[in-house]
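Asker: Before I ask anything, let me first share the structure, which is written out below as structure tokens.
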Amino acid sequence: MLKQVLISTAGFLFATAVSLSPAMAGGEAEVLHWWTSGGEAAALKVLKDDFAGNGGTWKDMPVAGGGGDAAMQTLKARVVAGDPPTAAQIKGPSIQEWDDEGVVGPPYHVDAVAKAQNWDSLLSAQVANHMKCDGFTKYCAAPVNIHRIDWFWANKKVLDAHGLTMPTSWDEFNAAASKLQAAGIIPLAHGSQPWQDATVFEAVALGVGGNEFYQKAIVELNMDALSGATMVKVFDQMRTLQGFTDEGAPGRDWNVATGMVMEGKAAFQIMGDWAKGEFTNAGLKPGIDYYCLPTPSDHGYLYNVDSFIFYSMDGKSKIEGQKLLGSLMMGKNFQKVFNLYKGSIPARLDVPMDEFDMCAKGSAADLNYSAMTGGLQPSFAHGMALRLAQKGAIQDVVTEHFNSNMSSHEATRRLAQAVKASL
Ligand code: BGC
């Protein structure tokens, strides 16, 4: 009881101190995000601390749910009600979609910061463009990282004990998984939530179909590619993978699945490198406790840039908050420290990689190689490739197929139909 009183008194004093403090000079920001897992929260703390250290007042608006689908619902309700948060985690073409609604600018306050800090020279043109509004002329969002989606994560002890190495083809993976299954190990830790099914699907589409197929089917929504024989093969591999998951998969959170790999209950997980944030948070090391390797493809690389959009705001303090946030997010040291926790690599091109681990170094090298050879593709499952309606259409069919006994042919037929109807 006493403890409780002390805590709430301390809370009151703290709140009073904050509201009276000259720290308000740094502005205020209500920040909507979905970073609630251990690794994600540790990374976000770097930003929160930086913001507070520079006089900002942070109001946290977490919306739990991996992949951000729940966060996007909450965000939509807030913006439609005319009460957008000061900054919101959002990415890809949704940024421009919101701009089309007239709720982002003009004026685009963060653009002044971007000009002053010359963001154009610090980012690749591809990443920079994702951050721009007003016909791709003004910055209205800031990037904090580049996540790669197409990864296998594996428990080293489990693989070693069964004489297995990391698979470099899907056939090799299927053979290793069958062997593990026969030995009573869950081959694939998975949470069958729509976005996780979509995450696995896009890695399979890139690997089984190839870079050009992914580009045509998933990015350009070409009907022949969406409805053809290669897509049937992609769904075949999805069915095979589903057979390697356990009964508890439906609805499981992604970080719980990562935990299964850490504990050795399961051997592999297919997940973006925020999974590495969980391993890091648990004090585990790549090459020693776990393995990371891109899922098999022809030097493909599915990228996903986390960014924060800054909506139109009234009030000096909120505008100051937006500018401070934008400026901190693009800070060189911030991009290093944040990404060491988050599992991703910096979006800024000039951040030295020497303190990063082998997975991150590999990711940075692969990104450059894939960019030169046509393999660098935007993740559809994480909102980088398509507008929301098309993303939703594909995700719905993928998850319906994965969680039923629908045939690959039927899934392919429905996929093309759903995409067509969404256009
Ligand atoms: C985001 C990551 C996040 C993951 C799981 C992805 O869409 O880009 O930052 O960790 O979802 O929630």
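Asker: Using Cα pairs closer than 8 Å and at least 6 residues apart in sequence, work out the relative contact order for region 144-278, in percent.
Answerer: Values: 172 pairs, mean separation 62.0, N = 135.
46 percent.
Asker: Okay, next question. So in the chain, what percent of DSSP beta bridges are antiparallel if you round to the nearest 5? Don't skip to the answer; put the middle values down first.
Answerer: Working: 18 of 33 bridges.
If I count the DSSP bridges inside the chain, around 55 percent turn out antiparallel.
Asker: Which distance in nm do the two modelled labels at S404 and D354 give, with both placed 7 Å along the Cα-to-Cβ direction?
Answerer: A separation of 5.6 nm, rounded to one decimal place.
Asker: What base-10 log of the normalised intensity I(q)/I(0) is obtained for the chain from the Debye formula, alpha carbons as equal point scatterers, at q = 0.07, 0.09, 0.12, 0.14 Å⁻¹?
Answerer: Once normalised to I(0) and log-transformed, intensities are -0.34, -0.56, -0.98, -1.29.
Asker: Roll a 1.4 angstrom probe over the protein heavy atoms and tell me the percent of accessible area of the chain that is carbon or sulfur. It would help to have the intermediate numbers written out before the result.
Answerer: Details: 9620 of 17110 Å².
Looking at the chain in its full context, I get 56 percent from C and S.
Asker: Report, by chain and number, residues whose modeled amide H sits under 5 Å from the one on C292, excluding near sequence neighbours (fewer than 5 apart, same chain).
Answerer: For C292, whose amide H was placed from the backbone, the distant partners under 5 Å are G287.
Asker: Could you work out how far helix 69-80 tilts from the main Cα principal axis of the chain, as a 0 to 90 degree angle to the nearest 10?
Answerer: On a 0 to 90 degree scale, this one is about 40.
Asker: Take K285 and R239, extend 7 Å from each Cα along the Cα→Cβ direction, and tell me the distance between the two endpoints in nm.
Answerer: Inter-label distance under the simple model: 4.5 nm.
Asker: Oh, and also: Step through the residues of region 282-293 one at a time and calculate ³J(HN,Hα) from phi using the Karplus curve (6.51 cos²θ - 1.76 cosθ + 1.60, θ = phi - 60°), rounding each to whole Hz and writing x for Gly and Pro.
Answerer: Using θ = phi - 60°, the values come out as 8, x, 8, 10, x, x, 10, 9, 8, 10, 10, 7 Hz.
Asker: Name the residue farthest towards the positive end of the dipole of region 303-423 from the options M330, N368, P352, assuming +1 on Cβ of Lys and Arg, -1 on Cβ of Asp and Glu, about the Cα centre.
Answerer: M330
Asker: Below 13 angstrom from the Cβ of V337, what's the summed charge of the other residues (Lys, Arg +1; Asp, Glu -1)?
Answerer: +3
Asker: Against the longest principal axis of the chain, how steep is helix 332-342, in degrees 0 to 90 to the nearest 10, with axes from Cα atoms?
Answerer: Helix 332-342 and the main axis of the chain meet at about 50 degrees.
Asker: Once you sort the root eigenvalues of the Cα gyration tensor of region 78-128 as a ≥ b ≥ c, which label holds: rounded (a/c under 1.5), prolate (a/b larger than b/c) or oblate (the other case)? Provide the component values of the computation, followed by the final result.
Answerer: Numbers: a/c = 2.39, a/b = 1.71, b/c = 1.40.
Prolate is the answer for region 78-128, as a/c is 1.5 or above and a/b outweighs b/c.
Asker: Here's another thing I want to ask about it. Report, in degrees rounded to the nearest 10, the 0 to 90 angle that the Cα long axis of helix 254-263 makes with the longest principal axis of the chain.
Answerer: Around 60 degrees separate the two axes.
Asker: Please report, in Å, the Rg and the Dmax of region 293-379, where both are computed over Cα atoms only.
Answerer: 15.9, 50
Asker: Give or take rounding to whole Å, what are the principal axis extents of the alpha carbon atoms in region 149-301, in descending order?
Answerer: So the extents along the principal axes, rounded to whole Å, are 45, 31, 30.
Asker: How large is the charge dipole for region 115-239, taken about the Cα centre, if only the Cβ atoms of Lys, Arg (+1) and Asp, Glu (-1) carry charge, to the nearest 20 debye?
Answerer: On the way: 10 positive and 12 negative charges, 74 e Å.
That gives region 115-239 a dipole magnitude of about 360 debye.
Asker: What full-extension length gain, to one decimal in nm, is calculated for E247 and A64 as 0.36 nm per residue of separation minus the Cα-Cα distance?
Answerer: Values: separation 183, 0.36 × 183 = 65.88 nm, distance 2.35 nm.
So the extension gain works out to 63.5 nm.
Asker: Now a separate question. Rolling a 1.4 Å sphere over the protein heavy atoms, what is the accessible area per residue of the chain, to the nearest Å²? List each step's numbers first, then the result.
Answerer: On the way: 17110 Å² over 423 residues.
The answer is 40 Å² per residue.
Asker: I'd like the Kirkwood hydrodynamic radius of region 60-206, using the inverse of the mean 1/r over distinct C-alpha pairs, in Å.
Answerer: Kirkwood hydrodynamic radius for region 60-206: 18.8 Å.
Asker: Give me the distance in nm between label points sitting 7 Å out from Cα along the Cα-to-Cβ direction at A125 and A183, one decimal.
Answerer: Rounded to a tenth, the inter-label distance reads 5.0 nm.
Asker: Quick one: dipole size for the chain, taken about the Cα centre, charges +1 on Lys/Arg Cβ and -1 on Asp/Glu Cβ, in debye to the nearest 20.
Answerer: Working: 34 positive and 44 negative charges, 96 e Å.
Using only the charged Cβ atoms, the result is roughly 460 debye.
Asker: Still on this model: With a 1.4 Å probe and all protein chains kept in place, how much accessible area does K115 have, in Å² rounded to the nearest 10?
Answerer: 130
Asker: May I ask you to derive the relative contact order of the chain, considering only C-alpha pairs under 8 Å and at least 6 residues apart, and to give it as an integer percent? Mind dumping the intermediate values first?
Answerer: On the way: 769 pairs, mean separation 112.3, N = 423.
Value for the chain: 27 percent.
Asker: Another one. Could you compute the FRET efficiency for A365 and E101, with r as their C-beta to C-beta distance and R0 at 45 Å, rounded to 0.05?
Answerer: Numbers: r = 39 Å, r/R0 = 0.86.
Plugging the Cβ-Cβ distance into 1/(1 + (r/R0)^6) gives 0.70.
Asker: Another question, then. Could you sort out which of K138/K420; K59/K285; K48/K156; K76/K342 sit more than 28 Å apart by Cα distance in this structure?
Answerer: Working: K138/K420 32 Å; K59/K285 33 Å; K48/K156 34 Å; K76/K342 26 Å.
Check vs 28 Å cut-off fails for K138/K420; K59/K285; K48/K156.
Asker: At a 10 angstrom cut-off on C-beta neighbours, averaged per residue, how do the peptides 81-91, 345-355 rank from highest to lowest?
Answerer: Details: 81-91: 19.9, 345-355: 16.6.
Listed from highest to lowest mean packing, they are 81-91, 345-355.
Asker: Output the relative contact order of region 282-423, whole-number percent, from Cα pairs under 8 angstrom with separation of 6+ residues. Kindly include the intermediate steps, with their values, before the conclusion.
Answerer: Working: 98 pairs, mean separation 37.4, N = 142.
Over region 282-423, the number comes to 26 percent.
The values are calculated or read from the model by the stated rules, or taken from the named source; none is laboratory data. Keep in mind the model is a prediction, meaning the values are calculated, not measured. Cβ coordinates were reconstructed from backbone atoms using ideal geometry, including for glycine residues, and neighbour counts include every protein chain displayed. Side chains are part of the model used for accessible areas, which takes the heavy atoms of the whole protein and leaves out ligands, DNA and RNA. Shrake-Rupley method; radii C 1.70, N 1.55, O 1.52, S 1.80 Å.
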